[in-house]
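> Below is a structure I'd like to ask you about.
The values are calculated or read from the model by the stated rules, or taken from the named source; none is laboratory data. The structure presented is a predicted model; accordingly, all values stated were derived computationally and were not measured. As a convention, Cβ positions derive from the backbone with ideal geometry for all residues, glycine included, and neighbour counts pool all protein chains shown.
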C-alpha cells in the first residue's frame, strides 16, 4: 500500500451538505496486490468539535480503509486497514467419537431395567399385603 497524497481541497458537495462538514481531507491510496493495482480514497472530516470518517472499500482486494485521525503538531495521520472476512457463512463442527459410549448406554439400560423391576416388586408386595 502506498500513500500517494493527502487532498485538503475536497469538493464533494453531497457529503458537505449531508453532514455539514467544515474541513475535509482525503487520503489517496494505491494498493498493489497479486500483480493488480487498486485505488482507495478514505475521507476524514471535521464538523465543529466532532469527527466524521468515510471509509473506502476495495471489494476486489477484500480490504477496507478508514482515515482515523490527523495530528497537526507532528503531521502524522492514522489509517485503519481491515481485511474483509472471506470465509463465508459457515459453521464448523467437530464430531468426537467416544470409544466407551456403548458401555454408558448399557449401564443406562440396566439402570432402567432395575428401576422397573423394583417398581414391579413393590407393587406386587403392596398387592399381597392388601389381600
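> Please go through the stretch 61-76 and give me each residue that is within 18 Å of residue 1 (Cα to Cα) and exposed (fewer than 10 other Cβ atoms within 10 Å of the Cβ), ordered by number.
76
> Turning to a different aspect of this structure: With the condition kept exactly as written, say whether any residue in the stretch 101-108 is loosely packed, with under 10 Cβ neighbours inside 10 Å and assigned by TED's automatic domain parsing to the domain that holds residue 39.
no
> Hey, does the stretch 34-54 have a residue that's under 30 Å from residue 2 (Cα atoms), within 21 Å of the chain's Cα centre (by Cα), modelled with pLDDT under 90 and in a loop (DSSP other than H, G, I, E, B)?
no
> I'm trying to understand the selection: among the residues of the stretch 74-131, which are under 27 Å from residue 62 (Cβ atoms) and part of a helix (DSSP H, G or I)?
Result: no residue meets the conditions.
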